[in-house]
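The values are calculated or read from the model by the stated rules, or taken from the named source; none is laboratory data. Here the structure is a predicted model, which means the values were calculated and not measured. Here the Cβ positions follow ideal geometry from the backbone for every residue, glycine too, while neighbour counts run over all protein chains shown. SASA here: full protein model, heavy atoms, side chains in, ligands and nucleic acids out. Shrake-Rupley method; radii C 1.70, N 1.55, O 1.52, S 1.80 Å.
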Amino acid sequence: MYLGFMGLVAVAFLAIFYVQDKKSGRPVNFGLKASGKSVLRSLFLSICMIAAAYISLDVIRYLFGEDYRFWNNVFGVMKVEYWWVALKFAVVIFLPQLAINVLTNYTVRTDIPEWKDTLFTVVFSTAGVWLCCMLNVIMLHSGGAALCNWNSAFALVLMLPLTTYLSRKLYKLTGSVWTGTILITFLISWATVSSIGYNTYIGQSVWSTFFYT
């Protein structure tokens, strides 16, 4: 639901920016222009990166009995058939994520250092989620009621900065939004299925206790 809503918002903003830039005579670049071969190359590269991440996960589990887990963000082991479920999630996630990535990279500032541009992009793209989360935490700790049911969205606090950074970084490396969109889609699908499937344990920590998770 979050991705669907943000995808619609992204499309609305892109339409506004497109009309404004057309009227002003500014060039319009959605980062979508790519040949079919380039898109397939992005798909292959994303699959290779996910496979490498999963292999490293197996190594970590073998050596230390751990997985990629921080707070509510989980990239855990999955049964073979769960990857089919993740693929179905990916089909639903792809289009709204594509719209979000296009909006994220619609304007790239060249008048400041690249690291500042990336930092500003991540901060401004995630500020709303962080603000909503902190307001909920403050109200809960002050004895009030939460603004909304945030339990299922705590993972966004860390996942959103990660995916925004990957979106901008891969856009600057490739010049298009395809690699970032496909990779982020796979990451979200993997994290979603591995955390709600047969492996539902989330270890307690200072963070999870503080945020009532």
ask   = Which residues, counting only those in the range 125-157, are modelled with pLDDT of 85 or more and aromatic (Phe, Trp, Tyr)?
value = TRP130
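With more than 23 Å from TRP71 (Cα to Cα), assigned to a helix (DSSP H, G or I), open to solvent by less than 50 Å² (accessible area, probe 1.4 Å) and at pLDDT 85 or above as the only criterion, which of LEU98, LEU160, LEU166 stands out?
On the way: LEU160 fails: more than 23 Å from TRP71 (Cα to Cα); LEU166 fails: more than 23 Å from TRP71 (Cα to Cα).
Unique residue meeting the criteria: LEU98.
For (1) surrounded by 13 or more Cβ atoms within 10 Å (Cβ to Cβ); (2) touching a helix residue (DSSP H, G or I) at 6+ places or on another chain (Cβ under 6 Å), each residue gets a yes or a no:
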| residue | (1), (2) |
| --- | --- |
| TRP83 | yes, no |
| LEU103 | yes, yes |
| ASP111 | no, no |
| TRP115 | no, no |
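Collect the residues in the range 101-112 that are in a helix (DSSP H, G or I) and over 11 Å from the mean Cα position of the chain (by Cα), keeping them in residue-number order. Talk me through it step by step, then tell me what you get.
Step one: filter the range 101-112 for residues in a helix (DSSP H, G or I), giving 101-104.
If the condition is that a residue be in a helix (DSSP H, G or I) and over 11 Å from the mean Cα position of the chain (by Cα), then VAL102, LEU103, THR104 are the ones that fit.
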Positions within the range 56-80 being open to solvent by 70 Å² or more (accessible area, probe 1.4 Å), in a strand (DSSP E or B) and modelled with pLDDT of 85 or more, in sequence order = TYR68
task = Name every residue in the range 81-95 that is under 21 Å from ALA12 (Cβ atoms) and either without any contact (Cβ under 8 Å) to a residue 60 or more places away in the chain or assigned to a loop (DSSP other than H, G, I, E, B) (or both), in order of residue number.
result = VAL92
ask   = When you scan the range 169-179, how many residues do you find that are assigned to a loop (DSSP other than H, G, I, E, B) and not aliphatic (A, V, I, L, M)?
value = 2
Among residues of the range 16-38, those that are touching a residue at least 60 places away in the same chain (Cβ under 8 Å) and part of a loop (DSSP other than H, G, I, E, B), counted = 6
ask   = Given the residues PHE44, PHE13, which is the only one that is within 24 Å of SER189 (Cα to Cα), open to solvent by 70 Å² or more (accessible area, probe 1.4 Å) and assigned to a helix (DSSP H, G or I)?
value = PHE44
request  = Test LYS88 against the stated conditions and say whether it is open to solvent by 70 Å² or more (accessible area, probe 1.4 Å), among the charged types (D, E, K, R), under 23 Å from MET1 (Cβ atoms) and out of contact with any His (no Cβ under 9 Å at 6 or more places or on another chain).
outcome  = yes
